[in-house]
Structures are given as C-alpha cells and as structure tokens.
Amino acid sequence: MKINQIVRGFLPFIVLLGAVSVRAWDYTGHRIVNQLALAALPADFPAFVHEPAAEERIAFLAGEPDRWRNVPDLIMRQSGGSWADHYWDMEQVPNAGLDFATVSSFRYDFIVAFAAGRAAHADKFPAIDPAKNSDHTREWPGFLPWAATEYYTRLRSAFMYLKVFEELGTPEEIANARADAIYVMGVMGHYVGDGAQPLHTTIHHDGWVGANPGGYTTTPGIHSWVDGGIIGKAHITTASIAARVVPAQPISLAARPDGREPVFVALTDYLIGQNKLVEPLYQLEKAGKLGNDKVTVGADGKNVRESRPMTAEARSFVEDQLLKGGEMLASIWVTAWRNAGPDTYLRAQLLKRQAAAAPAAK
C-alpha cells in the first residue's frame with residue numbers, strides 16, 4: 001500500500017482527534033493536577049493511595065476520559081454525555097434566564113430548565129449547524145460541575161464499602177475495593193482538572209466569538225497552546241509547583257437552605273472563579289505574552305511565523321491554574337473520605353457471612 005493511501009485512510013481519524021483535543025489539558029497537564037492533589041492530601045488520608053503503583057495509577061487515569069473519546073464512531077454518534085461533561089460554557093446559563101446562585105445540582109433538573117430557557121430566549125443563542133452537531137451536543141452548555149459531583153458521590157460510596165471490607169473482608173476484597181477508590185479518584189481528577197483551564201468555562205474556548213470590543217484573537221489555537229504548549233515550552237512539571245502545595249481542607253457538607261448539594265455549589269464557585277480569568281488570558285495573548293508563535297500573512301500571501309519567547313506571565317498563569325485544580329481535587333477527595341460512613345447494608349451482609357462461617361471453623 002502506498003504511503004498516500006495510508007494517510008488518506010487515517011485522515012478522518014486524525015481530524016477527529018484534532019477536534020476532540022480542543023477541550024482538555026494535554027495528558028501532561030492532567031497528570032500534574034492529579035499529582036499535585038496527591039501531594040496536597042493530609043497525613044490522615046489512607047496511606048495506600050501513596051504506594052508507588054497507586055500514585056502512578058491515579059496519575060495515569062487523569063487522561064482516561066479523553067481516551068474514551070478517541071473512538072471515531074462513538075465520537076460521532078454516542079459521545080454526547082461524555083463529551084459535554086468536559087466543559088461548561090457558562091455564558092449560556094444567564095442567556096437562558098438561569099441564575100448560578102440557584103441552578104439545580106440535579107443534572108436532569110438543570111437539563112429541563114436549560115432547555116426551557118433556551119427556547120424562551122432563542123434570540124440569545126446562535127443557530128445550530130446540523131453538519132457540526134453529529135454528536136448532538138451543540139444544544140447544551142456542557143455539564144462539567146454535574147459530572148465532577150457525580151464522581152464525588154461515587155468516591156464517597158467507594159470509601160464507604162472500603163471501610164467495611166477493611167473491617168470484615170478478605171484480602172482480595174480489600175484490594176479490589178482499594179482499586180475501585182483509586183480508579184474513581186484518578187478519573188474524577190480529569191474533570192476537576194478540566195475546570196482549572198479557564199477556556200473550559202466559556203463559549204470563547206478557542207478564539208473569541210461574537211462581539212469583540214477587546215480585539216482578541218478569533219483564530220483557533222489559543223486553547224491547545226494553553227493546554228500543552230506552554231507546559232512544554234516552559235518546562236512546567238509537578239516538581240516545579242509542588243513546593244506551593246498545602247494540605248487540603250474538606251468542603252463543608254452542612255445542609256443548605258436551598259437543598260443543593262454542597263460539593264456541587266463548591267464546584268460551581270470554583271468554575272465561576274476560573275471563568276473570570278478568560279478575558280485576562282485573552283489579554284495576555286493579545287499582548288504577545290503567552291509565548292506562542294505569532295503568525296501573520298506576508299505580502300506574498302504566505303504565512304509568516306515569528307517565534308516569541310516564553311514569558312513569566314504565561315508560566316505563572318498555567319502553574320497557578322494547575323495548582324488550583326490540584327487543590328480543588330484534593331479537597332473533594334478528602335471530603336469524600338471523611339464523610340464516608342460505613343456501608344451499613346454491606347456490613348450486615350458480611351456479619352451474616354462471618355456468623356455462617358463460624359460453626360464450620362469449630
């Protein structure tokens with residue numbers, strides 16, 4: 001087979017991967033977030049997560065949700081829930097007449113309210129091009145805080161049954177329960193890490209759209225540069241940030257008068273904070289301070305690429321965001337552990353098993 005035939009065969013897959021990569025830190029960045037979260041865990045957190053194999057597994061799983069999206073037919077047909085969990089285009093929420101202070105922590109209640117609000121305020125939403133909506137996600141603003149909250153509840157459950165297995169289970173059951181907790185911790189980190197990238201919280205996720213009085217770039221590329229270009233060019237690593245890590249504190253689970261899940265509210269506040277950095281980020285790009293190459297069109301119509309140096313501002317911006325992601329992730333992990341009472345149903349079943357086995361042991 002000729003090389004050009006091979007390239008043509010893989011081209012649709014390559015294009016899809018390019019489209020998918022727009023909305024995530026690169027794998028390196030996601031690993032850093034999970035590793036910073038591990039470094040932020042307090043001394044009373046279960047020690048098994050710090051075993052070398054466990055730490056590597058948690059770091060590796062930071063990239064898992066992106067891998068789920070690397071199957072072209074699933075991306076094109078059935079990726080709606082998974083794909084839309086990676087971001088939250090927050091400008092769309094008030095455009096639909098909804099308020100961040102009251103938005104429901106129940107995913108499907110929000111979906112119903114948003115759909116009604118979008119229909120009632122259709123003039124505030126651009127028309128959807130069916131050719132660009134094969135996965136049926138363009139109708140939605142994204143569901144990142146709901147996805148992260150759902151992983152928190154899964155982790156709390158995992159810790160609940162782990163505590164019972166550690167009391168009454170077999171070594172194999174304990175090992176499996178710990179592996180479950182590690183898996184949820186690692187995968188959850190991807191979504192919390194996504195939230196630390198401000199361009200995951202905005203309709204301006206890869207070039208400014210709509211009214212642009214600030215004169216910000218409208219050319220795609222800023223997202224991928226923030227995701228990984230700066231990390232690579234500035235040689236940002238976990239070690240270069242780790243000295244700034246402080247022990248994580250749990251999120252208060254005190255009941256709220258509005259009935260909303262406290263962890264969801266904390267995640268919403270976290271994302272609001274990142275969204276406030278969208279315009280400062282574009283301002284850095286406009287000022288030539290992101291360290292990315294400047295591309296202009298020459299007199300001959302060809303692109304002219306001007307290499308620009310990495311700046312302290314770009315490095316600091318990305319390091320700060322990775323640290324915020326790690327801190328938030330560690331706080332959620334700690335909250336899940338400290339608020340995981342024993343699984344009473346499982347404990348009762350294991351006590352029955354223990355009692356049934358006792359006569360046989362005599």
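Values in this text are rule-based calculations from the coordinates and carry no lab data. Bear in mind that the values here come from a model prediction, so they are computed numbers and not experimental data. Positions of Cβ are backbone-derived with ideal geometry, glycine not excepted, and every protein chain shown enters the neighbour counts.
Reducing the stretch 230-244 and the stretch 121-173 to their Cα centroids gives an inter-centroid distance of 29 Å. Normalising the average separation of contacting C-alpha pairs (under 8 angstrom, six or more residues apart) by the number of residues puts the relative contact order of the chain at 27 percent.
Of the peptides 103-115, 316-328, 266-278, the ranking by mean beta-carbon count within 10 Å, highest at the top, reads 316-328, 266-278, 103-115.
Against the main long axis of the alpha-carbon atoms of the chain, helix 262-275 sits at an angle near 20°.
Peptides 160-169, 118-127 ranked from most to least packed by the mean count of surrounding Cβ atoms within 10 Å: 160-169, 118-127.
In debye to the nearest 20, how big a dipole does the chain give about its Cα centre with +1 on each Lys and Arg Cβ and -1 on each Asp and Glu Cβ? All intermediate terms of the calculation are to be shown ahead of the outcome.
Details: 35 positive and 39 negative charges, 82 e Å.
I would put it at about 400 debye.
Under 16 Å from the Cα of K294, which lysines turn up, not counting those fewer than eight places away in the same chain? The qualifying lysines are K233, K286, K302.
When a/c is below 1.5 the answer is rounded, else prolate if a/b is larger than b/c, else oblate, so apply that to the chain with a ≥ b ≥ c taken from the square roots of the Cα gyration tensor eigenvalues. Cα axes put the chain in the prolate bin. Cross-link candidates for K352: which aspartates and glutamates have Cα within less than 15 Å, leaving aside residues fewer than 8 places away along the same chain? Output for K352: E167, D343.
Per residue, the chain reaches -17500 deg cm²/dmol at 222 nm when only DSSP H runs of four or more residues are counted, each adding -39500 (n - 2.57).
On a 0 to 90 degree scale, rounded to 10, what angle separates helix 27-39 from the longest Cα axis of the chain? Its long axis makes an angle of about 40 degrees. For the chain, the longest principal axis of the Cα atoms and the long axis of helix 3-20 meet at an angle of about 70 degrees.
Each of P130, L253, A239 was scored by the projection of its Cα onto the charge dipole of the stretch 3-361, and the greatest displacement toward the positive side belongs to P130; charges sit on the C-beta of Lys, Arg, Asp and Glu.
The listed peptides 177-190, 33-46, 206-219, ordered by packing as a protection proxy, come out as 177-190, 33-46, 206-219 (highest mean of other Cβ atoms within 10 Å first).
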